[in-house]
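The values are calculated or read from the model by the stated rules, or taken from the named source; none is laboratory data. Keep in mind that what you see is a predicted model, and the values were worked out from it rather than measured. When we count neighbours, we look across all protein chains shown, and the Cβ atoms used for this are built from the backbone with ideal geometry, even at glycine.
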Amino acid sequence: MREYLPFIVIGLATGSVYAIAAMGLTVTYTTSGVFNFAHGAVGMIATFVFYSLRVDAGLPTAPALAVAVLGVGPAVGIVIDRVLLRRLEGATAATYVVVSLGLLVALQGVAIWVYGPATRTMAPIFPHSTFRLPGVNVGWDQVILVAIAAVTGLGLAVFFRFSRLGIQTRAVVDDPGLTELEGLDSKRITTFSWMLGCAFAALAGVLLAPLLGVDAVLLTLLAIQVFGAAVIGRLTSLPLTYGGAMVIGLGQALATKFVTGHQSLAGLPTSLPFIILFAVLVFSPRGFFQEVVRAKGAGSRTGRRAIGRRFPWPVLLGLVAVALAVPARLNGSQLLTATSTLGFVLVFASLSLLIGLSRQVSLCHAVFVVFGATTLAHLRTMGVPYLPALLLAALIMVPVGAVVAIPAIRLSGLFLALATFGFGILAQNLLFLTKFAFGAGSVVRIPRSTVLGIDLAGDKSFYYFVLALVILGVVAVEAVRVTRLGRVLRALADSPTATESLGINPTAARVIVFCIGAFLAAVAGGLLGTLTQVVNTSTFDFFQSLVWVTVLVTTGAATLGGSVLASLLLVTAPTVFTSATFVQLQPVFFGVAAMLLAQSPNGLVGLVPRPDFTALADRSAWRTPSRRLAERSLPSELATPARVGA
Amino acid sequence: MIALDIAGLRSGYGRAEVLHGVDLRVPAGKAVALLGSNGAGKTTLLRTLAGLNPARAGTIRLHGAAIEHRPAHARARAGICLIPEGRGIFRRLTVRENLAMHGGKKNLDEVIDRAASLFPVLRERLNQQAGTLSGGQQQMLALARALVNDPTVVLADELSVGLAPVVVDEILEALNVLRAEGKSLLIVEQYVERAVAMADYVYILNKGTVVFVGEPRQCASGAVFEQYLGGAA
């Protein structure tokens, strides 16, 4: 028992920092209905400012901390609320997920662009001396962290229970429209809660920085671990969120102690928050989570025209024609890029089934791609011929897709995104290093071979092989869109209740679309792996899943054209524009573009104008003309003042 | 004196226009009943007046001042008070917190006294969560809560829906008290006869336009109701 005490102390300290961040997240979610995936990134930006002020500019700690927490955090909160969210009022949960993902990708891109990817270290903020409790040494810095979390937590509780602004904030959570009728500016109150929540994110980031180092990726993802705590608190309860953060902090610390000496479990401590996140979401009873749904703005979905309901013969034939003509004009490395672009068209097409067609934001698409590649490698090692191995590897991914679909059956919008998010990180942390994926060497090789008498070793022949399979895959995706399954999914995205009342089983449709998506993504993964012939753990890491979603939303998730454009922008563009700035700013562009286009029906592709006759119809004559009552018939009190007594 | 003066008001949702130019006046201190069949645009009109739906054209004057471009909370402070359809309360807040929610700086005790003078039962429930009150008590709280800002014009949208008849009496009696205090009322009500009995003037809305304006005695024949309300009276 005694040897666990130091880990309990560490767990309480880190749990306290998680609690600060998680309470901030919960405050913004309950007041605005927007779950901020970029919560960690907000803390990260504030932490970088803190670093610049304290280390680069040499400011004393206290003012630097005040600027970061009370200045930068709230300022980012204002920008998020006023600039990003206000124009989206009444949007669907999926739209908000995409917007905050875009923000995450953009903020992280900006931080890496400005500060570079290297981790920076920082001197501790609090005194490092320790004192002795029975059986364990406790650092004063740890005591201070626990105290800060306790004080801020209590402060929030008192604020929401007793202060006027606190009660008003809870009223906005309950019913923003009614708050307006009461004479209160609900928008200002929402802005205030974003300032508050982001200040908490900033505080958590600044407190974590000396312990973990200042690192754009690490801080973004670490604060995301806070999602687990927030989910334990049902995203609504501050005390439960606080407790959840402590459970996760303690659990992680104790797991670190526990796995010492078990190599295969090394990923457990970092994965624990996601295991909890995934488990709570999947196993909690129905109705446990109530999504905070804001009343839809007037006409938020009207005027949307049918998209992607016809088989896109022109786009497909054009694509094939260009793809057939291209190899003759390309040199060696360009041909590889072209092949890779084709492969990614299939990745995006499979993703568009989920995001564009059924409006289910899946944030673990890279998992299917990675395991498609590694499973293919293992099957090849076992001696399975290439083509059967490729299809078999993809088939093996189908049940994985079904597993991911379990939360999709039970959860909607935000919670599905969270569950897939957890699953993606879980798979990366726990499974990548096992023999199912990359193994201890963290790399697999997929040599090219002969298929149906064609030698794929040559880049040109492999290009045509990929083209053939990608066309088959894309045709399958488009077939799903225009057939009954596509219609059912579209209907489910619009209104699950109405769809079910028609006698349609929503479960089957949702599971099938995930399975098809996983299958095609795995095929694409196998092809991309075979192209490079070597795949390692960082080729398709978890973050790629998030970037892909922002890219696809930017270009258009509803049609084939969007998938093609996505692939061109993500894969081809950096080989044409090779400047370092372009490459570094690429994620920033996609992040910002996704935020701007999240609510548009079909991204950039959808912006291409088509003839629209609805405006004409609006002018048609059936509309009732305004009819003014004859003033003479009015009771005198109601007549216009000039007429009274006339 | 006209408290609320609406001219040529157009409003709607998305591409669908619901109100096609409505003219309506509520004289100060008088009660106006707004009638019409389902889908006539009654609720849309009230929401547009309160600022929850944007007005596309036309003017809304409150005591002579144009308010059609002001946000909902500013209109509430200017003296318009909408008691919305359904229960206009904060369900997760206590009764006391519901009453403490207002834009001005009023003494909470005074507010509670005022609420209790209309509906004594509320005083006994101050610390209860509003969502756990009975339907009638919730509606009483909604009415009391709406009066906290001391409005001059009260828009009441179907206050009696889903309530027992005896509770309806109490609620509608409270509206009479408000009028006696000099407030102007615009009442949408499913009990057409009772609304007409309370009102000084009657407006009938049909397909987004005003089709009848008159005094209650003019409706006594029932012919008007036959035509626009399907004989609901």
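The test for being surrounded by fewer than 24 Cβ atoms within 10 Å (Cβ to Cβ), in a helix (DSSP H, G or I) and within 14 Å of another protein chain (Cβ to nearest Cβ) does not hold for A:ARG234. Determine, yes or no, whether A:LYS460 is outside any helix (DSSP H, G or I) and surrounded by fewer than 19 Cβ atoms within 10 Å (Cβ to Cβ). In short, no.
Residues checked against (1) over 18 Å from the mean Cα position of the chain (by Cα); (2) surrounded by fewer than 17 Cβ atoms within 10 Å (Cβ to Cβ):
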residue	(1), (2)
B:ARG10	yes, no
B:LEU34	no, no
B:LEU45	no, no
B:HIS63	no, yes
B:HIS73	no, no
B:ILE89	no, no
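Scan segment A:470-479 for residues that are surrounded by fewer than 21 Cβ atoms within 10 Å (Cβ to Cβ) and either of a type in the set (Ser, Thr, Tyr) or touching a residue at least 40 places away in the same chain (Cβ under 8 Å) (or both) and the total you get is 4.
Results for (1) over 21 Å from A:ALA94 (Cβ atoms); (2) assigned by TED's automatic domain parsing to the domain that holds A:ALA91; (3) within 18 Å of the chain's Cα centre (by Cα); (4) surrounded by fewer than 18 Cβ atoms within 10 Å (Cβ to Cβ), shown as yes or no for each residue.
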| position | (1), (2), (3), (4) |
| --- | --- |
| A:LEU560 | no, no, no, no |
| A:ALA573 | yes, no, no, yes |
| A:ALA580 | yes, no, no, yes |
| A:VAL588 | yes, no, yes, no |
| A:GLY591 | no, no, yes, no |
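Conditions (1) buried (at least 18 other Cβ atoms within 10 Å of the Cβ); (2) within 14 Å of chain A (Cβ to nearest Cβ), marked per residue:
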residue: B:ASN176; (1), (2): no, no
residue: B:ARG179; (1), (2): yes, no
residue: B:ARG194; (1), (2): no, no
residue: B:ILE204; (1), (2): yes, yes
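Selection over segment B:7-25 of residues that are more than 8 Å from chain A (Cβ to nearest Cβ) and closer than 19 Å to B:GLU215 by Cβ gives a count of 1.
Here's a check for you: in segment B:96-107, which residue that is at the interface with chain A (Cβ under 10 Å from one of its Cβ atoms) and not basic (Lys, Arg) is surrounded by the fewest Cβ atoms within 10 Å (Cβ to Cβ)? By that ranking, first place goes to B:GLY104. Just to verify a result, which residue in segment A:177-210, among those that are in a helix (DSSP H, G or I) and free of Cβ contacts under 8 Å to residues at least 40 places away in the same chain, is nearest to the other protein chains (Cβ to nearest Cβ)? Within segment A:177-210, the match that is nearest to the other protein chains (Cβ to nearest Cβ) is A:GLU180.
When segment B:96-133 is filtered for residues that are of a type outside the set (Lys, Arg), closer than 24 Å to B:VAL153 by Cβ and in contact (Cβ under 8 Å) with a residue 40 or more places away in the chain, the ones remaining, listed by number, are B:ASN98, B:LEU99, B:MET101, B:HIS102, B:GLY103, B:GLY104, B:LEU118, B:PHE119. Would you check if B:VAL213 is within 16 Å of the chain's Cα centre (by Cα) and either assigned to a strand (DSSP E or B) or surrounded by 15 or more Cβ atoms within 10 Å (Cβ to Cβ) (or both)? Considered against the rule, which asks whether it is within 16 Å of the chain's Cα centre (by Cα) and either assigned to a strand (DSSP E or B) or surrounded by 15 or more Cβ atoms within 10 Å (Cβ to Cβ) (or both), B:VAL213 comes out as no.
Of note, A:LEU489 does not satisfy the criterion of being in a helix (DSSP H, G or I) and under 19 Å from A:LEU387 (Cβ atoms). Across segment A:428-444, the qualifying residues are those that are at negative phi and surrounded by fewer than 19 Cβ atoms within 10 Å (Cβ to Cβ), and the one among them that is modelled with the lowest pLDDT is A:ALA440.
Annotation note: of B:LEU93, B:LEU62, the sole residue that is facing another protein chain (nearest Cβ under 8 Å) and touching a residue at least 24 places away in the same chain (Cβ under 8 Å) is B:LEU93. Scoring B:PRO54 on the criteria (1) closer than 21 Å to B:LEU163 by Cα; (2) within 12 Å of chain A (Cβ to nearest Cβ) leaves a single failure, condition (1). Only residues that are more than 9 Å from every other protein chain (Cβ to nearest Cβ), among the polar types (S, T, N, Q) and without any contact (Cβ under 8 Å) to a residue 24 or more places away in the chain were counted across segment A:154-176, and they come to 1. Looking at the structure I just gave you, is A:THR236 under 22 Å from A:ALA427 (Cα atoms), modelled with pLDDT under 85, β-branched (Val, Ile, Thr) and out of contact with any strand residue (DSSP E or B) (no Cβ under 7 Å at 6 or more places or on another chain)? Answer is no for this residue. Looking for something farther than 20 Å from A:GLU478 by Cα, at pLDDT below 80 and not assigned by TED's automatic domain parsing to the domain that holds A:LEU104 - is there at least one such residue anywhere in segment A:358-373? Within segment A:358-373, none of the residues are farther than 20 Å from A:GLU478 by Cα, at pLDDT below 80 and not assigned by TED's automatic domain parsing to the domain that holds A:LEU104. Residues satisfying the criterion are absent from segment B:206-219 (criterion: out of contact with any Ser or Thr (no Cβ under 6 Å at 6 or more places or on another chain), of a type in the set (Asp, Glu) and either under 27 Å from B:ALA72 (Cα atoms) or at pLDDT 90 or above (or both)).
Condition check for B:VAL148 on (1) within 15 Å of the chain's Cα centre (by Cα); (2) on the phi < 0 side of the Ramachandran plot; (3) buried (at least 18 other Cβ atoms within 10 Å of the Cβ); (4) modelled with pLDDT of 85 or more: one failure, at (4). The set of residues in segment B:66-83 being touching a Leu at 6+ places or on another chain (Cβ under 8 Å) and within 20 Å of A:ASP175 (Cα to Cα) consists of B:ALA72, B:HIS73, B:ARG75, B:ALA76, B:ILE80, B:CYS81, B:LEU82, B:ILE83. Scanning segment B:130-153 for residues that are outside any loop (DSSP other than H, G, I, E, B) and within 11 Å of chain A (Cβ to nearest Cβ) turns up B:ALA130, B:GLY131, B:ALA142, B:ARG145, B:ALA146. You will find that of A:GLY243, A:GLY177, the residue that is among the small types (Gly, Ala, Ser), surrounded by fewer than 23 Cβ atoms within 10 Å (Cβ to Cβ) and more than 26 Å from A:LEU88 (Cβ to Cβ) is A:GLY243 and no other.
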